[in-house]
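Visitor: Before we start, here is the structure in question, set down as structure tokens.
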Amino acid sequence: MKLKKLAHLIALIGAVGPAMAQTTADTPADTTTQPQKIQRVEILGSSIKRIAKEGALPVEIITRKQLEEQGIVTAEEAIAVLNINGNGSDNLASNADVTSGAQRGNNGASSANLRGQGSDSTLVLLNGRRVATHGMKGSAVDLNSIPMAAVERIEVLKDGASAVYGTDAIGGVINFVLKKNYHGLEAQVFEDKDQHPGGNIYRATITGGWGDLDEQGWNVLVAGSHTYNQALRGNQRDFVNTFQPNRGLSVDTRGTPFGTVFATSLGPNLFGTKAPTAASGQVYNGVNILNLPGGLGCNTFDGMQAYDAKLWNDPTTAYGCAWDTGRAAVLQQPVHNDNGIARATFKAGEHQLFVELVGSDVRVSKSFSPNQLSPSSSTFPATAWYPKTGAAYDTIYNALVKVFPSIAANYGLPIAYRWRCMECGNRQIDTETKAGRLQLGAEGPINLGRFGTWDYSAGLQRAYSESQSTLGNGYNFTAALDAALGSGIINPFLMPGQTQSQQALDLIKSTSAAGVVLYGGKTTLTELDAKMSGEVMKLPAGAMMAAVGVDLRREEYKFNGDLRAAQQRPAILNAPFDDQNALDQVHRDIKAAYFEVLVPVTKDLELTIAGREDHYSGIGGTFNPKYSFRYQPVQSIMFRGSYNTGFRAPSFNQLFNGVTQTQYAGKDLVDPKTCPSGKVDQNNPACAAVLPIIVTGGKSDLQPETAKEGTLGVVWEPGSRFSANADLWEIRKQNTIDTFALSTMIAQYNIFANQFIRDASGTLVAVDQRWVNAGERITRGLELGARTNGRDFGGQWTAGIDASHLLMKKSRATKDSPYGPSEIGRFLFTGDLGLKWKATSYVTYKQGNWGGMLQNIWRSGYADQQLPGVANGLVVPPNFDPRVKAYSIFNLSVNYTGFKNTTIVAGIKNLFDKDPPFAVTYDSNTGAGSSWEPRVADPRGRSFTLNVNYKFF
């Protein structure tokens, strides 16, 4: 039977536990141990209503006041500063570059990632009920859709909760609680003004409430807000600089604003079919004449430097130039967010009936480096190569022939090259997501005869999230661009001071694909839920409480790729379409029933048992129990612990993405069964090159990921002025749904042998690279907290610290393979960065109408990424540091309530204007960053916040 999340200690620890610093003047003892009236409430993670001071749940409470005093107005900001939140690519800074396939859902979405288990393993609720997942990806809630204008508090459950809520609640649960029975009218304006250019944040909200449930029997709440996050570009911050070879960083692209010449076997060209050889005997390819002996130098052009062949361990590139793509990236995506909510609540005797409508419209724009045109590859035919009639042809030829005299006989042949088309403009993808929810509900007491009176709650909702990404500037129709380039009118070899002709600019503009829909998706959630809780019987130690409930829902998903007619889809260069995964409409039905029983064994010991059975159409059933205890032998000490299992159902994409069969085109693949060396040897039939079909896409027989979780903690509160807590936790995730690189499958053939498909004679014909339930991950950590308070100098102060310490983080591809190295404190290209320590500390002071807070957010350093030349020990940069330094910033705020009906909060974020620490986080066109890590640091620098709230009545 499952565990019910046992009472955690909001009373003892004072519920001032948010990993974000507490900024109110009230102490935990003041706010949680002195309830003004006894009433039963439902605590996040439990379905049993109980008197609040009886509970002991591992829940952090973040109040609206705390958010305002820290200058936080978006859900993304609120979750990002939590120590318990992971460091994955879940925010709009870390997914600001090109994405495709499974990552396409990051277009415009920001997600929570508790305990580093992933956004699809973190359950997000609104008023205790599910929210439709983001329309593009279909597997995680977009925090931008939360109506923050009406949020009263945020509850963060730091424990698995599948026994209560079902799928996704492995890392934890976040519940956004809206205002209830609010009456009045207030308006709020907020500005977060950056000291440096770009990155400003603005918000305006209005909230109105009429009627009083207790006195008039009804209440209506209406709230709306508009938030605008201004774009912040890489060239607006000095720390964004990919050319720092002295520290081990340089960019890996030869797509530069001044064209680079390549050899290619696709047809006759100036460089020939093979890379040319210089007099020294060294072979070179990707040659930029600016970097040849006697050339003007790559740095003649803004943003260009010599390609660092040593750092990339490739001597053939030594005559190349590179361009800093990081400077063109958006560090903070521009966001326009409109949110609204209307809620009406009516009292009928002891019952409450409500109807609630929530809606949002979020518009986000990604913008990154101009397209890299490569008429040296199969993307363009030879007709796109630079012709002899081009104005710069002789200049390029004369410079090259001095170093490579063997090409002299090729004069007149077109030039195959690579060029960064600055005139095309930065690539842009605009994404709009519209979300809505209509919720009907009722709650109140129900008489069960001899079982007494229980509390019930029931709801019916219909929710959706619909997204669409559209190409903006910087994308061009390939065929039209091919013809334009081959005309010779466009010059990819402009010298300093030269500009494209108007004819050339008009040609480029005529090939624009702006306005073409890239893809779109929609999720729909229909849910009916009901639950009851109450007292079962009296025991010597107190009342035994219980809860039962049912949850019936249908989840629907559809995804469209290119909306143009199939016969009218001219190719668009480098546009990350995903047509093979288009889904007309798929759905699944979920039926769930759950229970929870709280048993007071003694006056000091309380046990909770809970369990939930979920049945998914097409997948089957899963039962998840939870057991927890709360033991308080003396008034000042409480012990708590839990054990539970959890699960995450496969996403629609993982189940239903289109299956694609592609012929392997390389000449480097052998059958690992017959050729253990893994190297092609045409003289050995067993090691001959093979060309199997590679199968990718969804897999309908996937099963849920499962998890075993446990926590063990202690809380010490020797008096009303001090409390401390320590909680050890572990999550063992099994049957993880993964897809593996072909190289990994070959290297571990004994593990993946079933994925290699053979015909009757045993000949390898295909490799199944689709999703599989295979891996395991273990994460273990320690969460610590302490807080104190007092009165001095005529005012009241509080101080506290919350920290998380990662003890174990490791994974393995399959249950039969060994675990890989520890993932704590070392760079990973994708997924969650396992920072060893994270901490947030604060001091607040309040006297009369004045209050203030000083807060520190600290993140430990980690082992940095190393480029190939450094990793292989071939070069040691003079200022190389193998570790990324710790990140630490201070925030200061002051609030004043001396004006009638007005609250003013002014603050400074990043008080000492500290830049993100240097990190070799090279932008590889599938993520973000450059010389800093967006999964850890905030790129904005020092900013000044002002929040004014006025209550009309």
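Visitor: Quickly run through segment 339-369 and pick out the residues that are out of contact with any strand residue (DSSP E or B) (no Cβ under 6 Å at 6 or more places or on another chain) and either surrounded by fewer than 17 Cβ atoms within 10 Å (Cβ to Cβ) or closer than 30 Å to TRP323 by Cα (or both). Steps first, please.
Guide: Let us first name the residues in segment 339-369 that are out of contact with any strand residue (DSSP E or B) (no Cβ under 6 Å at 6 or more places or on another chain), namely 347-349, 369.
Scanning segment 339-369 gives ALA348, GLY349, SER369.
Visitor: Right, next: Taking LEU213 as the residue in question, decide whether it is at pLDDT 95 or above and either under 33 Å from the mean Cα position of the chain (by Cα) or surrounded by fewer than 19 Cβ atoms within 10 Å (Cβ to Cβ) (or both).
Guide: On the way: at pLDDT 95 or above: no; either under 33 Å from the mean Cα position of the chain (by Cα) or surrounded by fewer than 19 Cβ atoms within 10 Å (Cβ to Cβ) (or both): yes.
Considered against the rule, which asks whether it is at pLDDT 95 or above and either under 33 Å from the mean Cα position of the chain (by Cα) or surrounded by fewer than 19 Cβ atoms within 10 Å (Cβ to Cβ) (or both), LEU213 comes out as no.
Visitor: Listed residues SER761, SER743; which is without any contact (Cβ under 8 Å) to a residue 60 or more places away in the chain, assigned to a loop (DSSP other than H, G, I, E, B) and within 30 Å of GLY658 (Cα to Cα)?
Guide: On the way: SER743 fails: assigned to a loop (DSSP other than H, G, I, E, B).
Unique residue meeting the criteria: SER761.
Visitor: Looking at LEU400, LEU448 in this structure, which one is in contact (Cβ under 8 Å) with a residue 24 or more places away in the chain and surrounded by 19 or more Cβ atoms within 10 Å (Cβ to Cβ)? Even if it seems obvious, please write down each step before you answer.
Guide: Values: LEU448 fails: surrounded by 19 or more Cβ atoms within 10 Å (Cβ to Cβ).
Unique residue meeting the criteria: LEU400.
Visitor: Now for a separate question. Kindly indicate whether any position in segment 250-260 is surrounded by fewer than 23 Cβ atoms within 10 Å (Cβ to Cβ), without any contact (Cβ under 8 Å) to a residue 24 or more places away in the chain and either closer than 29 Å to GLY198 by Cα or not β-branched (Val, Ile, Thr) (or both).
Guide: No, because not a single residue in segment 250-260 is surrounded by fewer than 23 Cβ atoms within 10 Å (Cβ to Cβ), without any contact (Cβ under 8 Å) to a residue 24 or more places away in the chain and either closer than 29 Å to GLY198 by Cα or not β-branched (Val, Ile, Thr) (or both).
Visitor: Continuing with the same structure: Does GLU215 satisfy the criteria of being free of Cβ contacts under 8 Å to residues at least 24 places away in the same chain and either acidic (Asp, Glu) or on the phi < 0 side of the Ramachandran plot (or both)? If you could, list the steps in order and put the result at the bottom.
Guide: Working: free of Cβ contacts under 8 Å to residues at least 24 places away in the same chain: yes; either acidic (Asp, Glu) or on the phi < 0 side of the Ramachandran plot (or both): yes.
In short, yes.
Visitor: Now for a separate question. For segment 293-334, what are the residues that are in a helix (DSSP H, G or I) and either of a type in the set (S, T, N, Q) or within 27 Å of the chain's Cα centre (by Cα) (or both)?
Guide: Residues of segment 293-334 that are in a helix (DSSP H, G or I), as a first pass: 298-300, 315-317, 325-328.
The answer is ASN299, THR300, THR316, THR317, THR325, GLY326, ARG327, ALA328.
Visitor: Of the residues GLY941, GLY929, GLY898, GLY907, which single one is touching a His at 6+ places or on another chain (Cβ under 7 Å) and either within 27 Å of SER94 (Cα to Cα) or not in a strand (DSSP E or B) (or both)? Before you say what the answer is, go through the steps one by one.
Guide: Details: GLY929 fails: touching a His at 6+ places or on another chain (Cβ under 7 Å); GLY898 fails: touching a His at 6+ places or on another chain (Cβ under 7 Å); GLY907 fails: touching a His at 6+ places or on another chain (Cβ under 7 Å).
Result of the check over GLY941, GLY929, GLY898, GLY907: GLY941.
Visitor: Further question: If only one of ASN653, ASN644 is farther than 25 Å from ASP159 by Cα, crowded, with 16+ Cβ neighbours inside 10 Å and touching a Gly at 6+ places or on another chain (Cβ under 8 Å), which one is it? Reasoning before the result, please.
Guide: Details: ASN644 fails: farther than 25 Å from ASP159 by Cα.
Answer to the check: ASN653.
Visitor: Sticking with this structure for a sec: Filter segment 767-779 for residues that are in contact with a helix residue (DSSP H, G or I) (Cβ under 9 Å, 6 or more places away or on another chain), in a strand (DSSP E or B) and of a type outside the set (Val, Ile, Thr) and give the result.
Guide: Residues of segment 767-779 in contact with a helix residue (DSSP H, G or I) (Cβ under 9 Å, 6 or more places away or on another chain): 767-772, 774.
Next, only the ones that are in a strand (DSSP E or B) stay: 767-768, 772, 774.
Of everything in segment 767-779, those that are in contact with a helix residue (DSSP H, G or I) (Cβ under 9 Å, 6 or more places away or on another chain), in a strand (DSSP E or B) and of a type outside the set (Val, Ile, Thr) turn out to be ASP768, ALA774.
Visitor: Can GLN855 be described as more than 23 Å from the chain's Cα centre (by Cα) and modelled with pLDDT under 95? Before you say what the answer is, go through the steps one by one.
Guide: Values: more than 23 Å from the chain's Cα centre (by Cα): yes; modelled with pLDDT under 95: no.
For GLN855, the condition - more than 23 Å from the chain's Cα centre (by Cα) and modelled with pLDDT under 95 - is not met.
Visitor: Those residues that are in a loop (DSSP other than H, G, I, E, B) and either surrounded by fewer than 16 Cβ atoms within 10 Å (Cβ to Cβ) or free of Cβ contacts under 8 Å to residues at least 40 places away in the same chain (or both), I need them from segment 491-531; list them, please.
Guide: Going residue by residue through segment 491-531, those that are in a loop (DSSP other than H, G, I, E, B) are 491-501, 511, 513-516.
Result: MET495, PRO496, GLY497, GLN498, THR499, SER501, THR511, ALA514, GLY515.
Visitor: Quick one: how many residues across segment 215-236 are among the charged types (D, E, K, R) and either farther than 20 Å from ALA322 by Cα or touching a Ser or Thr at 6+ places or on another chain (Cβ under 7 Å) (or both)? Spell out the reasoning first.
Guide: Restricting attention to segment 215-236, the residues satisfying the condition of being among the charged types (D, E, K, R) are 215, 233.
Of the ones still in play, those that are also either farther than 20 Å from ALA322 by Cα or touching a Ser or Thr at 6+ places or on another chain (Cβ under 7 Å) (or both) are 215.
So the answer is 1.
Visitor: Being outside any helix (DSSP H, G or I) and modelled with pLDDT under 95 narrows it down to one of ARG437, ARG462, ARG450, ARG427, so name that one. Steps first, please.
Guide: Values: ARG437 fails: modelled with pLDDT under 95; ARG462 fails: modelled with pLDDT under 95; ARG450 fails: outside any helix (DSSP H, G or I).
Just one listed residue meets the conditions, ARG427.
Visitor: List the number of the failed condition for THR830; all other conditions in (1) in contact (Cβ under 8 Å) with a residue 60 or more places away in the chain; (2) surrounded by 16 or more Cβ atoms within 10 Å (Cβ to Cβ); (3) hydroxyl-bearing (Ser, Thr, Tyr) hold.
Guide: (2)
Visitor: Which members of segment 522-566 meet the condition of being of a type in the set (Ser, Thr, Tyr) and either out of contact with any helix residue (DSSP H, G or I) (no Cβ under 6 Å at 6 or more places or on another chain) or farther than 21 Å from GLY135 by Cα (or both)?
Guide: Looking only at segment 522-566, we keep the residues that are of a type in the set (Ser, Thr, Tyr), and these are 523-524, 526, 533, 557.
Correct list: THR523, THR524, THR526, SER533.
Visitor: Before we move on, is GLU717 farther than 27 Å from ASN735 by Cβ and either part of a loop (DSSP other than H, G, I, E, B) or of a type outside the set (Ser, Thr, Tyr) (or both)? Steps first, answer last, please.
Guide: Values: farther than 27 Å from ASN735 by Cβ: yes; either part of a loop (DSSP other than H, G, I, E, B) or of a type outside the set (Ser, Thr, Tyr) (or both): yes.
Against the criterion (farther than 27 Å from ASN735 by Cβ and either part of a loop (DSSP other than H, G, I, E, B) or of a type outside the set (Ser, Thr, Tyr) (or both)), GLU717 qualifies.
Visitor: Additional query: For the list (1) at pLDDT below 95; (2) over 22 Å from the mean Cα position of the chain (by Cα); (3) on the phi < 0 side of the Ramachandran plot; (4) in a loop (DSSP other than H, G, I, E, B), I need the number of the one condition that ASN181 fails.
Guide: Every listed condition holds for ASN181 apart from (3).
Visitor: When you check SER111 against the structure, is it crowded, with 24+ Cβ neighbours inside 10 Å and either over 10 Å from the mean Cα position of the chain (by Cα) or modelled with pLDDT of 80 or more (or both), yes or no? Talk me through it step by step, then tell me what you get.
Guide: On the way: crowded, with 24+ Cβ neighbours inside 10 Å: yes; either over 10 Å from the mean Cα position of the chain (by Cα) or modelled with pLDDT of 80 or more (or both): yes.
Criteria met by SER111.
Visitor: Could you list, ordered by first residue, the pairs with Cβ atoms under 8 Å in which the first is in segment 588-599 and at pLDDT 95 or above and in a strand (DSSP E or B) and the second is of a type in the set (Ser, Thr, Tyr) and surrounded by fewer than 18 Cβ atoms within 10 Å (Cβ to Cβ), at least 6 apart or interchain?
Guide: ARG588/SER617; ASP589/SER617; ILE590/SER617
Visitor: Being in contact with a Leu (Cβ under 8 Å, 6 or more places away or on another chain), closer than 19 Å to GLU933 by Cα, assigned to a strand (DSSP E or B) and not hydroxyl-bearing (Ser, Thr, Tyr) is the filter here; which residues of segment 847-886 pass it?
Guide: The answer is ARG859, and nothing else.
Visitor: Kindly indicate which of LEU867, LEU854 is under 30 Å from TRP323 (Cα atoms) and touching a strand residue (DSSP E or B) at 6+ places or on another chain (Cβ under 8 Å).
Guide: Details: LEU854 fails: under 30 Å from TRP323 (Cα atoms).
Result of the check over LEU867, LEU854: LEU867.
The values are calculated or read from the model by the stated rules, or taken from the named source; none is laboratory data. What you see is a predicted model, and the numbers here were worked out from it, not measured in a lab. Using ideal geometry, Cβ is built from the backbone for each residue, glycine included, and neighbour counts are taken over all protein chains shown.
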